[in-house]
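Input: a single structure, listed below in structure tokens.
The values are calculated or read from the model by the stated rules, or taken from the named source; none is laboratory data. Just so we're clear, the structure is a prediction, and the values are computed from it rather than from any experiment. With ideal geometry, Cβ positions are generated from the backbone for all residues, glycine too; neighbour counts draw on all protein chains shown. Side chains included, ligands, DNA and RNA excluded: accessible areas come from the protein's heavy atoms. Shrake-Rupley method; radii C 1.70, N 1.55, O 1.52, S 1.80 Å.
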Amino acid sequence: MNRTTHIFHPRTLVIHPDFEELREFVVSVPERFQRNEGTVIHKGRNELRRLEYNRQQYVVKSFRSPNIINRFVYGIFRPSKAKRSYDHAEMYLKIGVGTPQPVGYLNVRRGLLFDRSYYVTCQLTCPYVYNDLFTQKFDYEEEVLRAIGRTTAVLHEHGYAHKDYGRENILFQKTPEGIKLEIVDLNRMYIGPIGMKAGCKNFERLPATPQMHRWMAEEYAKARGFDAEKCFELMVAYRSTQPGKIDNLY
């Protein structure tokens, strides 16, 4: 599809090569949302639903229609949030960082104006989110925090920094092979060189006790060749600037 056809076409559909059989399902997603099918996982600025197709569960994120200026910008110049989520998930998986397997995405427009976009993935496998560390007891808590430190280092070494690296966007579980992580909500990503200060700042939206910060800092510093104590100090300092901290609840 050339650029002119792309601009005027009412829908843009991309399907992962491994999921071509789901083309019909992805095309039907807007109508399924209109019929209120599936289970709502999250509903706010955007909506996240679990939908079933051919006895398999999939997760679909519907990005809301932007304001009139951005409808024009997304319609012609900028990639949609669904496309960015799909592309970033492919980048994560390529370097061995966990995220739900992308199935595809669908952009819907009205004339030159962008309307909505939908991002479809396979079902998440990790049952816990980072915030659960503050509400439940895990005898492997240290392993989780160290895994987060290492995984974040892998992302930063490849020049990727998640811009919404918060307590609901890191999922985990313990498996016989070790800690498995899944990182979600990938549409906002910084891509470029990431030094020690910028890297440690990327942890600032994660609530943490001093011990939690230390575990993450030790693994992060070890993986990147930084000074662990300096990384710990930076993480604590950057976290202290965040409003509404819940770090003292644990």
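One residue stands out among those in region 5-49 that are at pLDDT 95 or above and among the basic types (Lys, Arg): the one that is most open to solvent (accessible area, probe 1.4 Å), which is Arg35.
For beta carbons closer than 9 Å, sequence separation of 6+ or different chains, a first residue in region 115-139 that is under 21 Å from Gly149 (Cβ atoms) and a second that is open to solvent by 30 Å² or more (accessible area, probe 1.4 Å) and of a type in the set (Ser, Thr, Tyr), the qualifying pairs are Leu133/Tyr250; Phe134/Tyr250; Gln136/Tyr128; Phe138/Tyr128.
Table: residues versus (1) modelled with pLDDT under 95; (2) over 11 Å from the mean Cα position of the chain (by Cα); (3) part of a loop (DSSP other than H, G, I, E, B); (4) among the charged types (D, E, K, R).
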position	(1), (2), (3), (4)
Gln57	no, yes, no, no
Val60	no, yes, no, no
Pro79	yes, yes, yes, no
Gly96	no, yes, yes, no
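Restricting the search to helices (runs of 4 or more DSSP H) fully inside region 126-235 and requiring at least 1 residues that are of a type in the set (Lys, Arg) and under 26 Å from Gly44 (Cα atoms) gives an empty result.
Residues in region 130-145: is at least one open to solvent by less than 30 Å² (accessible area, probe 1.4 Å) and within 12 Å of the chain's Cα centre (by Cα)? No.
Within region 159-174, residues that are touching a residue at least 12 places away in the same chain (Cβ under 8 Å) and within 19 Å of Tyr238 (Cα to Cα) have Cβ atoms under 7 Å from residues that are assigned to a strand (DSSP E or B) and of a type in the set (Phe, Trp, Tyr) in these pairs: Ala161/Tyr190; Lys163/Tyr190, counting only partners at least 6 apart in sequence or on another chain. Of the candidates Leu124, Leu181, Leu171, the single residue that is closer than 20 Å to Ile95 by Cβ and in contact with a Cys (Cβ under 6 Å, 6 or more places away or on another chain) is Leu171.
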